[in-house]
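Below is one structure; the comments refer to it alone.
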Amino acid sequence: MTSPPDLAIEAHGLVKHFKETRAVDGIDLVVPTGTVYGVLGPNGAGKTTAVRMLTTLLRPDAGTARVLGHDVLAQPDAVRSLVGLTGQYASVDEDLTGAENLIVIARLYGFTTFAAKRRALDLMEAFGILMEAFGIAEAANRPVKTYSGGMRRRIDLAASLVMSPRVLFLDEPTTGLDPRSRNQVWDIIRVLVADGATVLLTTQYLEEADQLADRIAVIDHGKVIAEGTATELKRSVGAGSVSLRLAASGDRPRAAEIVERTLGAEVVLAADPYAFSARVPDDGADLAAQVLPALADAGITVPEFTLGQPSLDEVFLALTGQPVDEGDEDGESRPAGGDGDGGDRSTRRGRRAARGSAPGARGEPSSTIDGEVA
Ligand SMILES: Nc1ncnc2c1ncn2[C@@H]1O[C@H](COP(=O)(O)OP(=O)(O)OP(=O)(O)O)[C@@H](O)[C@H]1O
Ligand SMILES: [Mg+2]
């Protein structure tokens, strides 16, 4: 038996345009086998488009990509047999039970009727274990439409594991999940990688990439604007950030000025008029401790104050000199503030909902590669 290739994913100069939109504009990615690779970027950065090209669902306009040594254009079947994909939007059937969904997916992978039945039986046997592992045993026989969002996400993830893929693509696996569900998904990912899988996950959360990824590519407007380990990335961003929410929105300009002066760092105003955040300089832990007293001296009430990791917005500010901007050709704006993990999420989710459901990647295993799989 030959040893697996050192690189699970290798992409050079990947490009995908949609009319005038350069969704992916020359991306290089190198992902060693057995690692977790994080692709971090805001709405419209090109994350899903890149994942769809790497999983053979979308034909690149230019560039090359190989998965475990197989070219996505020349050997799409080989690639499909090795990868699993949990798309950004749940692709399970609402009216089927969790268990039925998993069976249907196994059949979609191209088993003959006989083999599919047999496989279904094996799967039925395995469901108990699989479901137990996902903590939703009692839900396995209820229609998915009765599931909570977190449970749907987990059945979706379970479905992409039916074939034990060696390379798993997870497109925003935890967006919209509560912290508990998010932690469960993180644990599942850690187990998969411990078992030898390679995972490429896209996320809007620096914290998620930091928790899971060995290396991270930050992408914006279809380009990689930074690449490295979380530590390297954060070093370029600063030690962390302070996020504040004031009692009165009218205080914000004055409060922002005080915080800027105290930390010696630029503040990022959130979409929420009561809130803003600022980077803490590398050696600025002491300075951060002075923020609240300085605001209290000025008579400004601060009901919410957190000292935490830099947000995606702060990463972008550090890397590009600009907050996450309004970049989508379809008129979507991106919030300039927020903590990357809460305040602005509903806005982002809302926009997604408004945009409608993208094609579910799994469930189309036999679709042919072309420009517009839809
Ligand atoms: N099928 C399509 N037709 C036209 N434009 C598209 C299509 N798919 C994506 N785009 C555009 O390409 C750009 C990148 O989109 P993509 O979905 O890859 O971003 P993303 O990083 O996944 O964003 P999000 O975080 O919102 O999921 C956006 O401007 C988007 O509107
Ligand atoms: Mg996406």
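Amide H contacts under 5 Å for Leu73: Ala65, restricted to partners 5 or more places along the chain or on a different chain, H placed in the peptide plane at 1.01 Å from N.
Per residue of the stretch 183-194, in order, report the coupling 6.51 cos²θ - 1.76 cosθ + 1.60 (Karplus, θ = phi - 60°) as ³J(HN,Hα) in whole Hz, putting x for Gly and Pro. Going residue by residue, I get 5, 5, 5, 4, 4, 4, 5, 4, 5, 4, 5, 4 Hz, with x marking Gly and Pro.
Residues whose amide H comes within less than 5 Å of that of Thr97, counting only those at least five positions distant or on another chain, are Val144 (H built at 1.01 Å from N in the peptide plane).
Each label point was placed 7 Å from the Cα along the Cα-to-Cβ direction; for Thr146 and Ile225 their separation is 4.6 nm.
The slack in the chain from Ala285 to Ala74, taken as 0.36 nm per residue of separation less the alpha-carbon distance, amounts to 70.7 nm. Placing R0 at 41 angstrom, the Cβ-Cβ distance between Ala247 and Thr35 gives a FRET efficiency of 0.35 after rounding to 0.05. Potential lengthening of the chain between Ala298 and Arg190 amounts to 34.2 nm, from the contour at 0.36 nm per residue minus the alpha-carbon distance. Electrostatic bookkeeping for Arg215 treats Lys and Arg as +1 and Asp and Glu as -1; over the other residues with beta carbon under 11 Å from its beta carbon, the sum is -3. Going by a ≥ b ≥ c, the root eigenvalues of the Cα gyration tensor, does the stretch 7-234 fall in the rounded group (a/c under 1.5), the prolate group (a/b larger than b/c) or the oblate group? Prolate is the answer for the stretch 7-234, as a/c is 1.5 or above and a/b outweighs b/c.
Mind checking which lysines have their C-alpha under 26 Å from Lys145, skipping anything on the same chain fewer than 8 residues away? The qualifying lysines are Lys117. Close amide-amide hydrogen proximity is noted between Lys16 and Ala23, Val24, Asp25, Gly26, Asp61, each under 5 Å apart and 5 or more residues distant or on a separate chain (H modeled in the peptide plane; Pro and chain starts excluded). Counting other Cβ atoms within 10 Å as a rough exposure proxy, the listed residues Asp195, Asp6 run Asp195, Asp6 from fewest neighbours to most.
For Glu260, project a label point 7 Å along Cα to C-beta. Then give me every residue of the stretch 277-301 with its amide nitrogen under 14 Å of that point. Of the residues in the stretch 277-301, 277-279 have backbone N under 14 Å from the label point off Glu260. Summary of the geometry: the stretch 17-45 and the stretch 222-263, compared by the centres of their Cα atoms, lie 24 Å apart.
Cross-link partners of Lys234 among lysines, defined as those whose alpha carbon lies under 21 angstrom from its own and excluding same-chain residues fewer than eight positions apart: Lys47, Lys223.
A short reminder: the numbers here are calculations on the coordinates, not readings from a lab. Everything quoted here is computed from the prediction, not taken from an experiment. Cβ: placed from backbone, ideal geometry, glycine included. Neighbour counts: every protein chain shown.
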